[in-house]
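S.K.: Below are the structure tokens for one structure; questions will follow.
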There are 2 protein chains.
Amino acid sequence: MNQTVLDAIYQRRSIRDYTGTPVEPDKLREIVRAGSWAPSGLNNQPWRFVTISRRRVIDQLAGLTRYSHIIKGAPALIAVYLDRQEMYNEVKDHQAAGACLQNMLLAAEALDLGAVWLGEILNRQTEVNQLLELAAHYQLMAVIALGYPAHRGQKSQRKPLAELLINEI
Amino acid sequence: MNQTVLDAIYQRRSIRDYTGTPVEPDKLREIVRAGSWAPSGLNNQPWRFVTISRRRVIDQLAGLTRYSHIIKGAPALIAVYLDRQEMYNEVKDHQAAGACLQNMLLAAEALDLGAVWLGEILNRQTEVNQLLELAAHYQLMAVIALGYPAHRGQKSQRKPLAELLINEI
């Protein structure tokens, strides 16, 4: 039994405050690689990524969401996309993106970083694509903000298992 | 840095062959709990679960998919659902289900089990709901088949990072 992996799953938190320390480009690539090892339907691997560390671009993206303070305070972002040309089923490809994102969040913590999955920015996905100079066949799935955590030990809550586990047959 | 977690992400495989050893109910609950610790939009936790170990039900479900040999050979299944009454956004809730599923697959391996995410059975989701006696507001996301692996060391492949990482800004 690998308790370390279970602990990582239970102790992961959405981290929204970061120190000013830059994130090493190798760590950003490692997080993308971890995302790519998620499973996908027919192993179609529809995910694509843009890593962003340039301050000017981060600040421009901050202007496209209600959560601009989080993005402005982040030393790095990773925009996660699906390539529509590689997709085969909306529901399953969106699920695959979610699996990919979860790997990335776990990998970020494993690399001593903190990260948060931002979805509200999807309301402005056309402008995000323009800003990142991406063709329309790239569909934004989420933006991950990340950096070294300004603090740890954040609390989070989940519904009790009895409420989630409908039946044991 | 936590190399154990990264290794778990890279070494996870879809396991489709199992020994006849039953899966302990406590392990099934632990996998569900791990799933529930995925992030969800607004922390809405739309996921619901049914664990299945009864042979008759497993065999009936096997009749609802092209991959019946995998299900028939599995000592346990977990059906993963979204509760439509808890959903707030189709894309984001489907992504959340994917994040939840990935946690479950990683947890299964951490518990020395092997698992595979089955999606093709969604074609027969109405019949799955009938068989599991679930109301229509439960939307099937996937079935995980699991058990102790009959063998390990399976290979898998991913596209090179250069193909997935569109840009580093």
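The values are calculated or read from the model by the stated rules, or taken from the named source; none is laboratory data. Nothing here was measured: the structure is a model prediction, and the numbers come from that model. As a convention, Cβ positions derive from the backbone with ideal geometry for all residues, glycine included, and neighbour counts pool all protein chains shown.
S.K.: Filtering segment B:82-115 down to residues that are in contact (Cβ under 8 Å) with a residue 60 or more places away in the chain and part of a strand (DSSP E or B), which residue is farthest from A:Ile169 (Cα to Cα)? I'd like the intermediate steps shown before the answer.
M.R.: Taking segment B:82-115 first, the residues in contact (Cβ under 8 Å) with a residue 60 or more places away in the chain are B:99-111, B:113-115.
Filter once more, keeping what is part of a strand (DSSP E or B): B:114-115.
Working: B:Gly114: 20, B:Ala115: 18 Å.
Once the filter is applied, the top-ranked residue is B:Gly114.
S.K.: Please determine whether any residue of segment B:51-58 is within 12 Å of the chain's Cα centre (by Cα) and touching a residue at least 12 places away in the same chain (Cβ under 8 Å).
M.R.: Taking segment B:51-58 first, the residues within 12 Å of the chain's Cα centre (by Cα) are B:51.
Cutting the leftovers down to touching a residue at least 12 places away in the same chain (Cβ under 8 Å) gives us B:51.
For segment B:51-58, residues within 12 Å of the chain's Cα centre (by Cα) and touching a residue at least 12 places away in the same chain (Cβ under 8 Å): present.
S.K.: Would you confirm, using the coordinates I've provided, whether A:Leu28 is outside any helix (DSSP H, G or I) and under 17 Å from the mean Cα position of the chain (by Cα)? Outline the logic, then answer.
M.R.: Numbers: outside any helix (DSSP H, G or I): no; under 17 Å from the mean Cα position of the chain (by Cα): yes.
When the stated conditions are applied, A:Leu28 does not pass them.
S.K.: Still on this structure, please answer the following. Condition first: under 21 Å from B:Gly114 (Cβ atoms) and within 7 Å of chain B (Cβ to nearest Cβ). Now tell me which residues in segment A:1-16 satisfy that.
M.R.: A:Met1, A:Asn2, A:Thr4, A:Val5, A:Leu6, A:Ala8, A:Ile9
S.K.: If the Cβ limit is 6 Å and pairs must be 6+ apart or interchain, which residue in segment B:158-169 that is within 18 Å of A:Glu133 (Cβ to Cβ) pairs with which residue that is among the charged types (D, E, K, R) and modelled with pLDDT of 95 or more?
M.R.: Within 6 Å, the pairs are B:Leu164/A:Arg48; B:Ile166/A:Arg48; B:Ile169/A:Arg54.
A quick yes/no check of all residues on (1) surrounded by fewer than 22 Cβ atoms within 10 Å (Cβ to Cβ); (2) touching a strand residue (DSSP E or B) at 6+ places or on another chain (Cβ under 6 Å):
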| position | (1), (2) |
| --- | --- |
| B:Ile71 | no, yes |
| B:Ala74 | no, yes |
| B:Gly98 | no, no |
| B:Leu105 | no, yes |
| B:Asp112 | yes, no |
| B:Trp117 | no, yes |
| B:Arg124 | yes, no |
| B:Glu133 | yes, no |
| B:Ala136 | yes, no |
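S.K.: Ok, one more. Does A:Thr21 fit the bill of being in a loop (DSSP other than H, G, I, E, B), more than 7 Å from chain B (Cβ to nearest Cβ), hydroxyl-bearing (Ser, Thr, Tyr) and surrounded by fewer than 15 Cβ atoms within 10 Å (Cβ to Cβ)?
M.R.: On the way: in a loop (DSSP other than H, G, I, E, B): yes; more than 7 Å from chain B (Cβ to nearest Cβ): yes; hydroxyl-bearing (Ser, Thr, Tyr): yes; surrounded by fewer than 15 Cβ atoms within 10 Å (Cβ to Cβ): yes.
Yes.
S.K.: Just one of B:Trp37, B:Trp47 is aromatic (Phe, Trp, Tyr), under 18 Å from the mean Cα position of the chain (by Cα) and more than 16 Å from B:Ala108 (Cα to Cα); which is it? Explain how you work it out, then say what you get.
M.R.: Working: B:Trp37 fails: more than 16 Å from B:Ala108 (Cα to Cα).
Selected residue: B:Trp47, the only one of B:Trp37, B:Trp47 that is aromatic (Phe, Trp, Tyr), under 18 Å from the mean Cα position of the chain (by Cα) and more than 16 Å from B:Ala108 (Cα to Cα).
S.K.: Of the residues B:Glu133, B:Glu120, which single one is without any contact (Cβ under 8 Å) to a residue 24 or more places away in the chain and facing chain A (nearest Cβ under 10 Å)? Working first, answer last.
M.R.: On the way: B:Glu120 fails: without any contact (Cβ under 8 Å) to a residue 24 or more places away in the chain.
Selected residue: B:Glu133, the only one of B:Glu133, B:Glu120 that is without any contact (Cβ under 8 Å) to a residue 24 or more places away in the chain and facing chain A (nearest Cβ under 10 Å).
S.K.: Limited to segment A:31-51, what total is found for residues that are part of a loop (DSSP other than H, G, I, E, B), within 8 Å of chain B (Cβ to nearest Cβ) and closer than 20 Å to B:Glu168 by Cα? Write out each step before concluding.
M.R.: Let us first name the residues in segment A:31-51 that are part of a loop (DSSP other than H, G, I, E, B), namely A:37-40, A:44-46.
From what is left, the residues that are within 8 Å of chain B (Cβ to nearest Cβ) are A:37-39, A:45.
After this cut, where a residue has to be closer than 20 Å to B:Glu168 by Cα as well, the list is A:37, A:45.
Qualifying residue count for the region: 2.
S.K.: Suppose we filter segment A:45-63 for residues that are over 17 Å from A:Arg16 (Cβ atoms), crowded, with 19+ Cβ neighbours inside 10 Å and not β-branched (Val, Ile, Thr); how many remain?
M.R.: The number of residues fulfilling the criteria is 5.
S.K.: Which residue, of A:Tyr67, A:Tyr148, is in contact with a Lys or Arg (Cβ under 9 Å, 6 or more places away or on another chain) and modelled with pLDDT of 95 or more?
M.R.: A:Tyr67 is the lone residue from the list that is in contact with a Lys or Arg (Cβ under 9 Å, 6 or more places away or on another chain) and modelled with pLDDT of 95 or more.
S.K.: Looking at A:Leu131, is it more than 16 Å from the chain's Cα centre (by Cα) and of a type outside the set (D, E, K, R)? Write out each step before concluding.
M.R.: Details: more than 16 Å from the chain's Cα centre (by Cα): yes; of a type outside the set (D, E, K, R): yes.
So A:Leu131 passes the test.
S.K.: Working carefully through the options A:Ala38, A:Ala34, A:Ala79, find the one that is crowded, with 20+ Cβ neighbours inside 10 Å, within 15 Å of A:Leu140 (Cβ to Cβ) and touching a residue at least 60 places away in the same chain (Cβ under 8 Å). Break it down stepwise before answering.
M.R.: Numbers: A:Ala38 fails: within 15 Å of A:Leu140 (Cβ to Cβ); A:Ala34 fails: within 15 Å of A:Leu140 (Cβ to Cβ).
One residue alone meets the criteria, A:Ala79.
S.K.: Would you be able to tell me the number of residues in segment A:138-169 that are closer than 24 Å to B:Leu42 by Cα, surrounded by fewer than 15 Cβ atoms within 10 Å (Cβ to Cβ) and over 19 Å from the mean Cα position of the chain (by Cα)?
M.R.: Qualifying residue count for the region: 9.
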